[in-house]
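Worksheet for the structure shown next.
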Amino acid sequence: MIRQLWTLSIHTRAFLRRYMPTNILLDAIRTRRGLKWGVPTMLLAMPYLVAASICTNLIDNGAPELLYLVVLLCVWNALKFLWIGPVSLIHLMLIRTRERRTRLAESSA
């Protein structure tokens, strides 16, 4: 039973990673060329937070409570985009430091 759940979770993660637009964008940002786009990508969190706010207002005014799933999804995606900014800056700084060390080692050799 646990093996089946584990396999299902692996396949679900692979599907979401491959086909969901936010995950595709975040994977592109995690590449060496995409790290510089981490901070501007943080702005994409705003439409998700606005959508979550709109859905919450709709629920308060009588819409079905199933919209809480949409709110959860919007907030989760907003947090992913807010998180990638600082993380991409740290990764970019580490990569540039490593590249500088490599250049200095090659020039002194």
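Of everything listed in (1) closer than 26 Å to M20 by Cβ; (2) open to solvent by 60 Å² or more (accessible area, probe 1.4 Å), the single unmet condition for M93 is (1). Being over 17 Å from the mean Cα position of the chain (by Cα) and open to solvent by 100 Å² or more (accessible area, probe 1.4 Å) is the filter; apply it to segment 65-75 and report the residue that is nearest to V87 (Cα to Cα). So the residue we want is L69.
Each row is one residue, and each column tells you yes or no for (1) more than 22 Å from H91 (Cβ to Cβ); (2) touching a helix residue (DSSP H, G or I) at 6+ places or on another chain (Cβ under 9 Å).
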{"residue": "Q4", "(1), (2)": "yes, no"}
{"residue": "L8", "(1), (2)": "yes, no"}
{"residue": "Y19", "(1), (2)": "yes, no"}
{"residue": "R32", "(1), (2)": "no, yes"}
{"residue": "V39", "(1), (2)": "no, yes"}
{"residue": "L43", "(1), (2)": "no, yes"}
{"residue": "L49", "(1), (2)": "yes, yes"}
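The values are calculated or read from the model by the stated rules, or taken from the named source; none is laboratory data. Not measured: the values here are computed from a predicted model. FYI the Cβ positions are ideal-geometry reconstructions off the backbone, even for glycines, and counts take in every protein chain you see. Heavy atoms of the whole protein, side chains included, go into the accessibility calculation; ligands, DNA and RNA do not. Shrake-Rupley method; radii C 1.70, N 1.55, O 1.52, S 1.80 Å.
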